[in-house]
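This report refers to the structure that appears directly beneath it.
The values are calculated or read from the model by the stated rules, or taken from the named source; none is laboratory data. Only a predicted model underlies this, so the values are computations on that prediction, with no experimental measurement involved. Glycine also receives a Cβ, built like all others from the backbone with ideal geometry; neighbour counts cover every protein chain displayed.
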C-alpha cells in the first residue's frame with residue numbers, strides 16, 4: 001500500500017447476516033476499518049456449513065470474527081463493552097429483534113453517544129409491513145423493477161443480480177459515513193435507517209419521475225432504452241451489440257457512417273421527439289442495418305467515430321476483457337483453508353492508495369479471545 005487506508009481509524013461492529021448487511025459492512029472493511037463480525041456460537045444459527053463457499057468469502061473478507069450468544073448475559077455484556085469504543089454498528093435484524101435483545105439504538109447510544117447505528121430492514125422500521133421478512137426478489141417485485149424488466153408481453157422478470165440487497169447495503173454505508181462526518185462537527189452519533197424496498201424505489205430514478213411528474217406508468221421495453229431511440233441491443237451478422245445512437249448528433253453520425261443518409265430526410269426521424277413517436281419503425285430499420293456487419297466490425301467502426309457501441313459479454317468474457325484487466329477490478333488473497341482466492345474489488349480508485357485485500361474471510365469465532373482481550 002502506498003498510503004494510509006482511509007477508514008483505518010474506524011471501529012465497526014457487524015451484527016448482520018444474509019447479503020444487504022454484509023454488503024454495507026464490506027464498504028468499511030475494504031477501506032481499512034477494524035470490523036468485528038459478531039456470530040452466534042456453533043449450533044445456533046450456525047453458518048459454518050457454507051463458510052468456505054465463494055459467496056461467503058466475497059462478502060466477509062477483511063473482517064475478524066467473534067462468537068457471542070446475545071441471549072446469554074455474559075455474552076451480551078461483552079458486546080456492550082465493545083460498543084463503548086465502537087464508531088459504527090450495523091444490523092439487519094427484523095425491526096423488533098433488536099428491541100427484544102436490548103441492543104436498539106436508544107439503548108446503545110446511552111452507552112456510547114458517539115455511536116453511529118445503521119439498520120437495514122426489508123420494508124422499514126415501522127409501518128404495516130415492518131414485521132414481514134424481506135428478500136431481494138420480493139423487494140424487486142414490490143419496488144417496480146420486475147414490471148419494467150423483460151421483453152414486452154412476457155410478464156415480470158427479475159434482475160439477474162441481488163439489486164436491492166446490494167443497493168440497500170450501499171445506501172446504508174453512505175448514510176453511516178455521512179453520520180460519521182457530521183459527528184466530527186457535533187460529537188454525536190445518529191441512527192441511520194434504510195430498507196430493501198426503499199433502496200429499490202430509489203433506483204427507479206427517471207422511471208419513477210415518468211410516473212410522478214408525467215403521469216405515465218412505464219412499461220416493459222425489453223433491451224431498448226425506454227425513451228431514447230435508437231439505443232439498445234441489436235443483432236449483428238454473428239451476434240449482438242449494444243449501441244447508443246440516440247439524439248440528433250449521434251443519429252446523424254450513425255446515418256452518415258452506415259450510408260443511410262436518406263433517414264435524415266425522413267420526417268418521421270427529423271427530431272428526437274419524432275424518433276420516439278416512430279420508435280418501432282426506426283428500431284426495425286436500424287435492426288436491418290446492424291445485420292450487415294459482424295459485432296467486432298460494428299464495435300470498431302462505431303467507437304472510432306464516436307458512437308457508443310459495445311459487446312454483450314458472458315461473465316467469463318467480462319474478466320478477460322483487456323480494459324477490465326487494465327482496471328484491476330479483482331484482487332488476490334491467501335486463505336489458509338482454500339488457498340489463493342481472486343475476489344471482486346471495490347469499483348473506486350483513491351489517488352495515492354493502492355489497496356489489497358488484507359485478509360480472507362475469517363473462520364467461525366477465529367478472533368474471539370483476541371478481540372475480547374484487546375478491543
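Looking only at region 339-354, residues that are out of contact with any helix residue (DSSP H, G or I) (no Cβ under 7 Å at 6 or more places or on another chain) and surrounded by 15 or more Cβ atoms within 10 Å (Cβ to Cβ) come to 1 in all. Please specify each residue of region 209-227 satisfying the condition of being in contact with a helix residue (DSSP H, G or I) (Cβ under 9 Å, 6 or more places away or on another chain) and touching a residue at least 40 places away in the same chain (Cβ under 8 Å). Within region 209-227, 218, 219, 220, 224, 226, 227 meet the criteria. Identification of strands (runs of 3 or more DSSP E) wholly contained in region 247-360 with 1 or more residues that are more than 22 Å from residue 54 (Cα to Cα) yields 309-311. Among all positions in region 166-174, there is no residue which is closer than 27 Å to residue 31 by Cβ, in contact with a helix residue (DSSP H, G or I) (Cβ under 9 Å, 6 or more places away or on another chain) and not in a helix (DSSP H, G or I). Could you please find all residues in region 37-57 being modelled with pLDDT of 95 or more and in contact with a helix residue (DSSP H, G or I) (Cβ under 6 Å, 6 or more places away or on another chain)? Within region 37-57, 56 is the sole residue that qualifies.
Say we look at region 279-301 and pick out the residues that are surrounded by 15 or more Cβ atoms within 10 Å (Cβ to Cβ) and without any contact (Cβ under 8 Å) to a residue 40 or more places away in the chain; which of these is farthest from residue 227 (Cα to Cα)? The residue in question is 289. Answer yes or no: is there a residue in region 127-135 that is in a helix (DSSP H, G or I), in contact with a strand residue (DSSP E or B) (Cβ under 8 Å, 6 or more places away or on another chain) and in the same structural domain as residue 177 (by TED's automatic domain parsing). Checked region 127-135: no residue is in a helix (DSSP H, G or I), in contact with a strand residue (DSSP E or B) (Cβ under 8 Å, 6 or more places away or on another chain) and in the same structural domain as residue 177 (by TED's automatic domain parsing).
The residue that is surrounded by the most Cβ atoms within 10 Å (Cβ to Cβ), among those in region 185-197 that are over 22 Å from the mean Cα position of the chain (by Cα) and within 29 Å of residue 165 (Cα to Cα), is 189. Do we find that residue 14 is at pLDDT 95 or above, surrounded by 14 or more Cβ atoms within 10 Å (Cβ to Cβ) and outside any helix (DSSP H, G or I) in this structure? Spelling it out, residue 14 is indeed at pLDDT 95 or above, surrounded by 14 or more Cβ atoms within 10 Å (Cβ to Cβ) and outside any helix (DSSP H, G or I). Flag not set for residue 178, criterion: assigned to a helix (DSSP H, G or I), in contact with a helix residue (DSSP H, G or I) (Cβ under 8 Å, 6 or more places away or on another chain) and surrounded by fewer than 22 Cβ atoms within 10 Å (Cβ to Cβ).
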